[in-house]
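Worksheet: the structure to be examined is printed underneath.
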Amino acid sequence: MKLNKHYAELSESYLFSTIAHKVSAYQAAHPDRDVIRLGIGDVTLPLAASVTEAMKKAVEEQGRKETFHGYIPSEQGYEFLRSAIRGYYADRGERSVDLDMSEIFISDGAKSDLGNLLDLFDVDNTVLVPDPVYPVYVDDNVMAGRKILYMAANADNNFLPMPDDSVHADIVYLCSPNNPTGAAYTAGQLAEWVRWAKANNALILYDAAYECFISEPGPARSIYEVEGAKECAVEVCSFSKIAGFTGTRCGYTIVPQAIVSDGQSLNKMWLRRQTTKFNGVAYVVQRGAEAVFTKEGMQEIQHNLDYYRRNAAVIGAALDKAGVWYCGGKNSPYIWMRCPNGMGSWEFFDWLLETANVVGTPGEGFGPCGAGYFRLTAFGDADKTREAADRIVAALKTL
Ligand code: MLT
């Protein structure tokens, strides 16, 4: 047999696995220290009551012959959930987006689909990603052996790179609100990307996993707010962040009917791929996800999102107090801070772990342009976040 040689080109381990190992080793060496983890963006609040109630009911159904569900009739997802998602996009006032039911595909999470979608594209395609970047976009393409181009996201462009007409790529990844920087594009800025994509016959893979955190009027919640985006953009989203499904697994991907290249419909290709390689998301999970979009579900979810927003404000206030520059945390659960005293981001990671027993994510783990930056997540427990914020302020004072 011949192994995929491109795996040798990957960094030794996935960023968040590397951090988890470092923290475990630290805890093993210092069992008496209370380490607070604000590293990986994993939620800490439980599923909303509407979600667990819906799932319990669905479990009961699965235990009775008359209401039992076997293989999912459509790998694309149950109509009840796709219809709820359609309503979620439509019910946005001026930002309302009209989706066709056939364009909505239920998945087991954004991360899987961001990788799986690449099955539809030739390895000769050139891929453009921002730097810093959610490592999944890069690793998926390294594994396939695709050529990757990077565009710098930095303080000069407010961490929102705009298209450069002298650069050609076939696929571009955009994540807004951004992981890791928290920066979010307006519809006007996304319109520039749509224009560029059309001029290059390129596809935009738009990761909207954090759209639920948008609380200011400026940023777009969906790329389809831009006219013509349906001809060149696939949007990937997740229940992980909006509804705490990190351990439950459910997401959705919009593949518009209007994307056609060389006479082939991307929507049809994706359906063909999914029917072959995917048997759908569990009935019980899809019922839980449907409950997110009920009136009660939405209220409960907003309550949880506000809890995380308050955590972000607590971290932001601590950094303000310490005189540290940061962005994000307003339309995003991530705070992107500049490391103090010109420290490198892994250096700051070690220093903060040792001095304050607080874990964050080194900016450099997201790419070279992340050097000198550090990401903190607002998904932690509120008391622990307050404690971590106090410890960070106290530690920074010692510098
Ligand atoms: C992160 O910390 O960047 C996210 O939790 C990663 C993810 O959602 O897969």
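The table below lists the values:
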quantity: The chain - percent relative contact order, Cα under 8 Å, separation 6 or more; calculated: 23
quantity: DSSP-assigned coil residues among trypsin sites (Lys or Arg not before Pro) in region 64-157, each with at most 14 further Cβ atoms within 10 Å; calculated: ARG64, ARG92
quantity: Using distinct alpha-carbon pairs, which all enter the 1/r mean, Kirkwood radius of region 1-90 in Å; calculated: 18.9
quantity: Against the rule of thumb 2.2 N^0.38 Å, how large the Cα Rg of region 186-231 comes out; calculated: 1.15
quantity: Between region 65-131 and region 362-399, the Cα center-to-center distance that results, in Å; calculated: 33
quantity: Solvent-accessible area per residue, Å², over the chain with all protein chains present [probe radius 1.4 Å]; calculated: 44
quantity: Shape call, region 316-399: gyration tensor on alpha carbons, a/c limit 1.5; calculated: rounded
quantity: Diffusion constant of the chain at 20 °C, which comes from Stokes-Einstein with the Kirkwood Cα-pair radius and 1.002 mPa s, µm²/s; calculated: 97
quantity: Most mobile listed residue (ALA184, ALA20, ALA388) in the chain, GNM with C-alpha springs under 10 Å; calculated: ALA20
quantity: Rounded, prolate or oblate (a/c below 1.5 giving rounded, otherwise prolate when a/b exceeds b/c) for region 251-399 by Cα gyration tensor; calculated: prolate
quantity: Region 125-260: mean projected area of Cα convex hull, nm²; calculated: 8.5
quantity: Sites excluded, chymotrypsin sites (Phe, Trp or Tyr not before Pro) in DSSP loops with at most 11 other C-beta within 10 Å, longest stretch of the chain; calculated: 72-399
quantity: Residue range of the chain that is longest and free of GluC sites (Glu not before Pro) which are both DSSP loop and sparsely packed (at most 14 other C-beta within 10 Å); calculated: 13-226
quantity: Residues of region 338-358 with amide N under 19 Å of the 7 Å Cα→Cβ point at THR398; calculated: 339-358
quantity: Between region 210-225 and region 306-330, the alpha-carbon center distance in angstrom; calculated: 20
quantity: Principal axis box of region 28-158, alpha-carbon based, largest edge first, Å; calculated: 56, 51, 36
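The values are calculated or read from the model by the stated rules, or taken from the named source; none is laboratory data. Here the structure is a predicted model, which is why all the values come from computation and not from measurement. Using ideal geometry, Cβ is built from the backbone for each residue, glycine included, and neighbour counts are taken over all protein chains shown. Quick note on the areas: whole protein, heavy atoms, side chains included, nothing else; ligands and nucleic acids left out. Shrake-Rupley method; radii C 1.70, N 1.55, O 1.52, S 1.80 Å.
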